[in-house]
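Okay, structure first, notes after.
The values are calculated or read from the model by the stated rules, or taken from the named source; none is laboratory data. Keep in mind it's a predicted model, so treat the numbers as computed, not measured. Neighbour counts are summed over all protein chains in view; Cβ atoms, including those assigned to glycine, are modelled from backbone coordinates with ideal geometry. Only protein heavy atoms, including side chains, enter the accessible area calculation; ligands, DNA and RNA are left aside. Shrake-Rupley method; radii C 1.70, N 1.55, O 1.52, S 1.80 Å.
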Amino acid sequence: MNVMRPMPAGQVGRSVPRLEAREKVTGRADYVHNLVVPGMLYTKVFRSTVPHGRIVSIDTSAAEAVEGVYRVVTGEDIRKVVPEPYYGPAFHDQPVLALDKVRHVGEPVAVVLAEDPYVAAEAVQLITAEYEELEPVFDEVEAVTSRAVVHEVLKPAGTFPDLKHLVGRRDTNVALDYQLRRGDVDAAFAAADRVFEHEFRTQQTMHTPLEPMVSLAIPGHESLTIHTASQSPSFVRIEIARLLGWPENRVRVVVPHLGGGFGAKLYIKLEALVACLALLVRRPVKLSLTMEEQFYTISKHASTFRIRSSVKDGKITGRRCEVFWNGGAYADIGPRVTQKSGFTAPGPYDIDNVSIDSYALYTNRPPAGALRGFGIPQLVWAYESHTDLIARELEIDPVEFRRNNILREGREQATGTAMKDAAIEAVLEDIVARMDWSKPFDRGTGPLRRGRGIAIGFKASISPTTSVAIVNVYGDGSSSLYLSTVDMGQGSDTAMAQIVGETLGIETENVKVIHPDTDVTPYDMATLGSRSTFHMGNAVKLAAQHARDQLDALARSLGLPPGTNYGPKDLFKKKYGMQAGNIVGVGSYIPDYKSPDPATGLSDNVTPFWMIGGTGVEIEVDTETGHVRILRMVNAVDCGRPLNPKIVETQLSGAALMQLGFTLFENMEYDNGQVTNASFADYKIPGIHDLPARIENDIVEAEQKSGPYGAKGVGESATFGVSPAIANAIHDAVGVRLTEMPLTPEAVFRAIRAQKG
Amino acid sequence: MDDTSRQIRFTLNGRPVTARVESHLDLVDLLRRFDLFGARESCGQGLCGCCTVLVDGVAVSGCLTLAQLVDGRSVTTVESLDEGGALSPVQQAFIDEGAFQCGFCTPGFVMMTHELLKENPDPDEAAIRDYLAGNLCRCAAYPEIIRAVQTAATRMKTAQAA
Ligand code: FES
Ligand code: FES
C-alpha cells in the first residue's frame, strides 16, 4: 500500500534550488553574526605576544578602569566556574584562557567584557602581561627531537580507544604516532629495479570563512543556551556539559546558517569561553572574532611527507610513507587527521608492501585542525607528485603508469579493506578523455611555455559515526525534518529535504528543515569530512520510511484498502475528525566498522565508503616572471548518484578553487611565531580573477549502493588532485619540480633560474 | 570614553530617519541598529565587499565609512531591492544560477551587480570579472556568479525591449 504517493517521485537527482535561496539573496538569512539579545555583553580577547612562555603576571587594572568596562577575566577566574578548564575533541589540552603557560602567539590570555564593543576593543589594549620566555619549536620535523616541549604531559580525551596508549606520556611533542604495516617493504625495496625517494612539504593556511567565528551564550535557570556558528552542535553540547559537570539536557546549542565553515567551526572553538563568561557574570556574552583573530584560532596543517617507492617491471611493489603533521599548540582534531587520513598515504595504487608512519606534532604555532579534505590534499600533493616523478624517470607516460598501478574495484587498499563502489579508474579515464591526453598538445612559444598535468586522490570516510533524524508529518500533511546537520553553504538542507520528498512522495519545497537546536533536533556527530550525505542521508531516509510505514499502518487501521489514494491529511482527518495529530518518524544510522589492529593498522572494514576525486590542468608558465596561468581545469569525482547535480557542481568548483588558492598563493607567514599576514591585505584568497579561463566539473557515472539513493559525500573530493596536477603541469611545461607549496611565481622563477644554472 | 555622539538625519532605503551616533561608529554597525543585516562586516578593511551599500548612489564599503558621515545623505542597502515583495532580476538570476553557497558574500555581489548593469547593461565576461574583483567569495561561487550576471543582463535587456 502506498498512501503517501500523491506526487510522483523524482525528488532525488533534481537540481532543486536551495530552500533558503530567497533569504540569502535578500540579505535576510539568519547568522549568529546578526544576533543581539537584551543585556548582552561584548567581549574582546587579550592575546599572547610570545610563542612559548610562562605567565609571570597579567595586569588588567588599567583596562578595568576604563569607563564602560563591565569586567576583565583571566584564566584563574575561569577556574571558579570550571575547575579543570581544558577542552578538545581528541585531547583535553586546551585551556579556556591560558593557565600558567602560553603556547602560541595569539593564544587567549584575558577577556574584556563591556556593553559597547568599541569600549571592549579599546580597553583590551591596556592589558599587559609579563612572560618568562621558553624556547619555542615551529617546524614539524624539528618538533620530533626538539628540546622545547609544548605540553609536559599528553592528555588524550579518553573517547578514542586508539589514543589510550598515550595517556600520561611525558616530554614529547608527538601527540600521536600512527603506523600501518602491510607485507614486507624492505624485501620489496631489495628486489626492486629502481627505488625512488622524495620529500614534499605543504604550508600552513587558514579557512577564512567570511563570517568569522562567533558564539553567544545566555545563562538561564540552571541552564545555558549557546548560539554558535558551529559545524558540530551535538559535540559542543556534550563538551560543555562535560566541562560544567552538568547533564546534557541543561545545555542547549542553537545553530542557524553559517557564513562558511570549511572545518574552521568544528568541535569546540569559542563556545567554552563564552559559556564560562556567561556563567561567571550571569549575563549573555557574545564573542565575535575579527578576520585577523581567526588566524590565531585554527588553521590547516603544514606537513612534511617523505615517500619512498620501489618499482619492478613498471609496477610499484613497495612504498614507505613518513608523514609529519604540524598540529600547532593544541591537538584539536589533528590526531584524527594523522590516523584517519594517514592510512591512505600510499595513494590509490595497488601496492603489496606498505609501511606508514604518521605523526601528529605539537609546535608553538596556532592550532591546526580539519580543513576541507582532512589532510588528504596534503597527502595527494605528495604521492601524486611522486607518481609523476617516477613515471618521468622511467620514461613512461604518467597516465599509463597510473593505469598500470591503479587500485581496482575489489582489490585491497593498504589497510586490507577491499575497494567497493570506488570509481577510481572512471575518474582517471574521465579526465584523460576530456583532456584529449593522447593528442598532441600546444607547448607554447617564446617565454610562454605550456604544460599539462593530472592527479587523482581518494579518501575514506571518518568512521564509525552516528546520525539521527526525525521526520514529523503534521495534521495537514505538511512535514518538517529535524536534524543537527549544519548547512554552512554546502546545501545539506536542500539535499536532505529531497530525500524526505523522495521517500514520502512529496515536493521537496514543501519540507521544512528545522535547523540544529539540541533541545529539539537529535544527535549528529558533526558536519565534517563529507559525511552528512551518507550518514545523515541514511538516517533521514530511515526516518522518512518510518513515517511512511506508520501512515500506511494508520490507513490499514482505518480500513482503507491497499493502494488507496488517501493523502496523510485525509488520514488524520478520518482518524481524529479534524485537522489534528502527528506522525513522527525516527531514523538512526551508524555504519559497520572494524577498528584497525593497533600494531599493524590493518582492518578489513575501515570505512563505509570511499570518495574519489581528480583534476587535470593545462597551464601556461611565463618563464620571465614565474607566473602560472591556469588555462583549463578539469575536475572529476565519484560521488555516487548526485542528489542535487547543480549543488554538487557548485561544490566541485568551490572545492577546486579553494585548493587552487592553497596551491598557488595562500600561506601563513611567520616571524618568530607571529603570523605576519593575518589579513586579506596580505593573505590573498582566490578572487574572481583567479578563476581559470575554463573550468569543467564532471560527476562520473557511479553508485554508492549503501548510500541513500546511491549517493555519498562530495564536499572535499574536488580538492584532492588540484595541487599535484599543477605541479606536474609546471614540470611538463618548464622542466622544474617544485616540492614545496605554495607554487608562487617567485618559487617557479627561482626553480627555472636554478635549472639554468 | 568621551561623549562624541551626535544626532544625524539621513535617508535609509527611501525613508527619512534619525539616529544618535558616536564618532567611532561605522556604517555597518549603524545599519544593524535599524535591524538591517544584509551589509555585514567580514574583513573590516575594505577588502571583501561583504559590507557594500550605496551612499548617494555610490557603492562604498560600510566597514570603512564612519556613520556620522552619512548625515544628510541617502543610504541604500540590499534590503531595498525587494521592498515591493518581488525579487530584483539580479536576485532572481543569482537563485536560478545557484550563485552562492553560504550566502554571506551574496548581498555585496548583488549590490555590485546592480551597479555594474546600471553602468554597462551588456558586460562581457572580462568586464564582469573586472567590476566584481573587489568582492570575495570564500565558497568560490565565481563561475555561477558570472553566469548569474549574464542571465540578469539578458533578462533586463529583454524586459527593457518589451
Ligand atoms: S567588511 Fe567591509 S570590505 Fe570587508
Ligand atoms: S557564498 Fe559563501 S562566501 Fe560567497
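Using a probe of 1.4 angstrom, how much of the accessible area of the protein assembly as shown is carbon and sulfur, in percent? C and S fraction of accessible area: 49 percent.
Rolling a 1.4 Å probe across all protein chains gives B:CYS139 an accessible area of roughly 10 Å².
Using Cα pairs closer than 8 Å and at least 6 residues apart in sequence, work out the relative contact order for region B:89-161, in percent.
Working: 68 pairs, mean separation 37.9, N = 73.
Relative contact order comes out at 52 percent.
Heavy atoms only, probe 1.4 angstrom, no DNA, RNA or ligands counted: give me A:TYR589, A:TYR670 ranked by accessible area, highest first. Mind showing how you got there, number by number?
Details: A:TYR589 45, A:TYR670 65 Å².
Heavy-atom accessible area, descending, gives A:TYR670, A:TYR589.
When the Gaussian network model of chain B links Cα atoms closer than 10 Å, the mean-square fluctuations of B:ALA152, B:ALA126, B:ALA141 top out at B:ALA126. Taking all protein chains as shown and a probe of 1.4 angstrom, B:LEU66 keeps an accessible surface of around 80 Å². Rounded to the nearest 20, the size of the Cβ-charge dipole of chain A about its Cα centre is 1580 debye, with Lys and Arg at +1 and Asp and Glu at -1.
For region A:677-699, state which residues have at least 50 Å² less accessible area in the presence of all protein chains than in their chain by itself, taking the probe as 1.4 Å and leaving out ligands, DNA and RNA. In region A:677-699, residues shielded by partner chains: A:PHE680, A:ILE688, A:HIS689, A:LEU691. Which whole DSSP H helices in chain A pass both tests: a Cα extent of 27 Å or more along the axis and a mean Kyte-Doolittle value no lower than 0.5? Once both thresholds are applied, what remains is A:645-664. Interface residues of region A:103-128, defined as a loss of at least 10 Å² in heavy-atom accessible area between the chain alone and the complex of all protein chains with a 1.4 Å probe, are A:ASP116, A:TYR118, A:VAL119, A:GLU122. For B:ARG6, the residues whose modelled amide H falls within less than 5 Å of its own, excluding neighbours fewer than 5 places apart on the same chain, are B:VAL21, B:GLU22.
Each label point is 7 Å from the Cα along the Cα-to-Cβ direction; what then is the distance between the points at A:ASP549 and A:GLU133, in nm? Computed distance between label sites A:ASP549 and A:GLU133 equals 6.6 nm. Close amide H contacts of A:GLY444 (hydrogens built in the peptide plane, cut-off under 5 Å, sequence separation of 5 or more or a different chain): A:ARG450.
Classify region A:284-415 as rounded, prolate or oblate from the Cα gyration tensor: take a ≥ b ≥ c as the square roots of its eigenvalues, call it rounded if a/c is under 1.5, otherwise prolate when a/b beats b/c and oblate if not. Kindly include the intermediate steps, with their values, before the conclusion.
Numbers: a/c = 2.72, a/b = 2.52, b/c = 1.08.
Note, shape of region A:284-415 comes out prolate.
Of the listed residues A:ASP116, A:ASP552, A:ASP30, the order by accessible area with a 1.4 Å probe, largest first, is A:ASP30, A:ASP116, A:ASP552. Across region A:231-259, the residues whose backbone nitrogen lies under 19 Å from the label position 7 Å along the beta-carbon direction of A:ARG22 are A:257. Residues of region A:53-83 that lose at least 10 Å² of accessible area (1.4 Å probe, protein heavy atoms only) when the other protein chains are present, relative to their chain alone, are A:GLU67.
In the neighborhood of A:ASP519, defined by Cβ-to-Cβ distances under 12 Å, what is the net charge if each Lys or Arg adds +1 and each Asp or Glu adds -1?
Values: positive: A:ARG237, A:ARG250, A:ARG252; negative: A:GLU248, A:ASP517.
That works out to +1.
The residues packed around B:PRO123, meaning those with a beta-carbon under 10 Å from its beta-carbon, carry a net charge of -4 if Lys and Arg are +1 and Asp and Glu are -1. The B-A contact accounts for approximately 4400 Å² of buried accessible area, totalled over both chains at a 1.4 Å probe radius. Between rounded, prolate and oblate, where does chain A land on the alpha carbon gyration tensor, with a ≥ b ≥ c its root eigenvalues, rounded for a/c under 1.5, else prolate if a/b exceeds b/c? Because a/c hits 1.5 or more and a/b fails to exceed b/c, chain A counts as oblate. Scanning residues 5 or more positions from A:ARG47 or on other chains, those with amide H under 5 Å from its amide H are A:VAL109, with H placed 1.01 Å from N in the peptide plane.
Where a ≥ b ≥ c are the square roots of the eigenvalues of the C-alpha gyration tensor, would you call region B:20-69 rounded, which needs a/c under 1.5, or, failing that, prolate if a/b is larger than b/c, or oblate? Display every interim value, and only then the final one.
On the way: a/c = 1.36, a/b = 1.31, b/c = 1.04.
Rounded, because the longest to shortest axis ratio a/c is under 1.5.
Contact order for chain A, expressed relative to its length and based on alpha carbon pairs under 8 Å spaced 6+ residues apart, stands at 17 percent.
Placing +1 on the Cβ of every Lys and Arg and -1 on the Cβ of every Asp and Glu, with nothing else charged, gives region A:441-562 a dipole about its Cα centre of roughly 940 debye. Spatially, region A:552-586 and region A:376-393 are offset by 59 Å when compared through their Cα centroids. Applied to region A:247-255, the Karplus parametrisation 6.51 cos²θ - 1.76 cosθ + 1.60 on θ = phi - 60° returns per-residue 3J(HN,Hα) values of x, 3, 6, 8, 10, 10, 10, 10, 10 Hz, with x for Gly and Pro. Springs join every pair of Cα atoms under 10 Å in this Gaussian network model of chain B, and among B:THR77, B:THR113, B:THR151 the largest mean-square fluctuation is at B:THR151.
Our coupling estimate for region B:146-153, obtained by passing each phi through the Karplus curve with A = 6.51, B = -1.76, C = 1.60 and θ = phi - 60°, is 4, 4, 5, 5, 5, 4, 4, 4 Hz, Gly and Pro reported as x. The residues of the protein assembly as shown expose on average 34 square angstrom of accessible surface per residue, using a 1.4 Å probe on protein heavy atoms. Given a 1.4 Å probe and the protein chains as shown, A:VAL153 ends up with an accessible area of around 50 Å². When the charge dipole of region B:89-161 is built from unit charges on Cβ atoms (+1 for Lys and Arg, -1 for Asp and Glu) and taken about the Cα centre, the candidate among B:HIS114, B:PHE100, B:GLY134 whose Cα reaches farthest toward its positive end is B:PHE100. If you take the Cα centroid of region A:57-81 and the Cα centroid of region A:109-138, the two points sit 10 Å apart.
In the protein assembly as shown, the calculated helix contribution to ellipticity at 222 nm averages -8000 deg cm²/dmol per residue, counting -39,500 (n - 2.57) for every DSSP H run with n ≥ 4.
The Cβ shell under 12 Å around A:ASP139 holds other residues with a net charge of 0, Lys and Arg each +1, Asp and Glu each -1.
Evaluate the relative contact order of region B:6-78 (contact order divided by residue number), counting alpha-carbon pairs under 8 angstrom at least 6 apart; express in whole percent. Show your work: numbers first, answer last.
Details: 142 pairs, mean separation 29.0, N = 73.
That works out to 40 percent.
Counting only protein chain heavy atoms and rolling a 1.4 Å probe, the accessible areas of B:MET112, B:MET156, A:MET435 rank, largest first, as B:MET156, B:MET112, A:MET435.
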